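The values are calculated or read from the model by the stated rules, or taken from the named source; none is laboratory data. Note that the structure is a prediction, hence the values are computed from the model and not measured. Cβ placement follows ideal geometry from the backbone for every residue including glycine, while neighbour counts extend to all protein chains displayed.
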């Protein structure tokens, strides 16, 4: 089994299909793969929730959420807070899987054509 190495991109074709409101962990995973150039992101721009928050109830029906950490990507030197992860191929959440599969088929066909003698 081959190991992934930063100087040798994986031969696998990865297309991630997104909706606008995934959990923060899914956003971070997608943001990192996109910026490592290891995946093609397909779907909608995500919600942009990068900072974990602590929530506290206050009197009179109020509440407050305060961020207590910040994810910093070593490549971009920032994160997706407030702006979301933008896809390479924009489409609706409902059409994302079909668009991702079509992209993967085209990429696989292109690789096969490149390999042919």
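One residue is enough: does the range 14-25 have a residue meeting the conditions in a helix (DSSP H, G or I), modelled with pLDDT under 85 and either closer than 20 Å to residue 92 by Cα or in contact with a helix residue (DSSP H, G or I) (Cβ under 9 Å, 6 or more places away or on another chain) (or both)?
yes
Taking the range 64-117, which residues are loosely packed, with under 11 Cβ neighbours inside 10 Å and in contact with a helix residue (DSSP H, G or I) (Cβ under 8 Å, 6 or more places away or on another chain)?
Once the filter is applied, which keeps residues that are loosely packed, with under 11 Cβ neighbours inside 10 Å and in contact with a helix residue (DSSP H, G or I) (Cβ under 8 Å, 6 or more places away or on another chain), the range 64-117 yields nothing.
When you go through 46, 78 one by one, which is the residue that is in a loop (DSSP other than H, G, I, E, B) and more than 15 Å from residue 19 (Cβ to Cβ)?
78
Could you please find all residues in the range 70-86 being more than 13 Å from residue 28 (Cα to Cα) and in contact with a strand residue (DSSP E or B) (Cβ under 9 Å, 6 or more places away or on another chain)?
none
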